[in-house]
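Below is one structure, written out as structure tokens, with a few remarks after it.
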Amino acid sequence: MRVTTLVPVESKEGDLARAAKEVLEALLTGMGISASVAQVDTDPITLNIRGDDLGILIGRRGQTLASLQYIVRLIVAHHSEEWLPIVIDVEEYKQRRYRALQALAYRMAERVREKKMPFTLEPMPAYERRIIHLALADHPDVTTQSVGQDEARKVVIIPKG
């Protein structure tokens with residue numbers, strides 16, 4: 001697999017989006033994964049991978065997908081000398097996860113409100129913790145805080161007052 005054939009990349013947004021798509025397609029081919037890549041948006045550059053049986057690209061709690069996204073960002077940034085946000089999704093996994101985390105936040109906030117006892121969620125990556133914090137930011141009865149370190153960092157939902 002030769003991703004270096006994508007350079008030099010001009011720093012125009014459309015060129016960077018095209019380069020990101022080409023890098024991702026090259027990586028998928030190199031991994032032996034048959035899938036299509038569609039550009040969904042340009043601000044930020046958003047690419048969605050479609051195909052059959054792509055769970056391997058998501059990984060446990062989206063860790064493989066996050067790593068793939070990071071690698072594509074690094075390659076594009078290295079060759080363009082510009083760091084742009086690039087979002088990679090697989091079959092809208094991130095959208096489904098976002099909605100599931102919001103629903104979890106609301107359910108647990110209701111439990112905390114009723115029982116007036118804090119509730120600690122499972123460890124999750126920073127972007128998932130942020131979803132929980134934002135979902136409950138304006139909640140009248142609970143507040144949130146992150147506790148722990150590194151991979152073990154969790155959100156605690158705490159009753160107000």
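Couple of notes before you dig in:
- Selection over the range 35-59 of residues that are assigned to a helix (DSSP H, G or I) and either over 15 Å from LYS94 (Cβ atoms) or assigned by TED's automatic domain parsing to the domain that holds GLU128 (or both) gives a count of 1.
- Scanning the range 134-143 for residues that are within 21 Å of the chain's Cα centre (by Cα) and within 19 Å of GLU114 (Cα to Cα) yields a count of 3.
- Residue match in the range 100-111 (condition: outside the structural domain of ASP53 (by TED's automatic domain parsing) and within 28 Å of LEU27 (Cβ to Cβ)): yes
- Looking across the range 144-161, the residues that are of a type in the set (A, V, I, L, M, F, W, C) and closer than 20 Å to LYS115 by Cα come down to VAL155, VAL156, ILE157, ILE158.
- Single residue of the range 20-34 satisfying the filter (assigned to a helix (DSSP H, G or I) and out of contact with any Leu (no Cβ under 9 Å at 6 or more places or on another chain)) that is nearest to TYR70 (Cα to Cα): GLU25
- Any hit, the range 78-86, residues being of a type in the set (Ser, Thr, Tyr), assigned to a strand (DSSP E or B) and surrounded by 15 or more Cβ atoms within 10 Å (Cβ to Cβ): no
- Across the range 22-68, the qualifying residues are those that are without any contact (Cβ under 8 Å) to a residue 60 or more places away in the chain and charged (D, E, K, R), and the one among them that is surrounded by the fewest Cβ atoms within 10 Å (Cβ to Cβ) is ARG60.
- Residue that is within 27 Å of VAL155 (Cα to Cα), among the basic types (Lys, Arg), touching a residue at least 40 places away in the same chain (Cβ under 8 Å) and outside any loop (DSSP other than H, G, I, E, B), where the choices are ARG113, ARG96: ARG113
The values are calculated or read from the model by the stated rules, or taken from the named source; none is laboratory data. It should be emphasised that the depicted structure is a prediction, and the values quoted were computed from it without experimental measurement. When we count neighbours, we look across all protein chains shown, and the Cβ atoms used for this are built from the backbone with ideal geometry, even at glycine.
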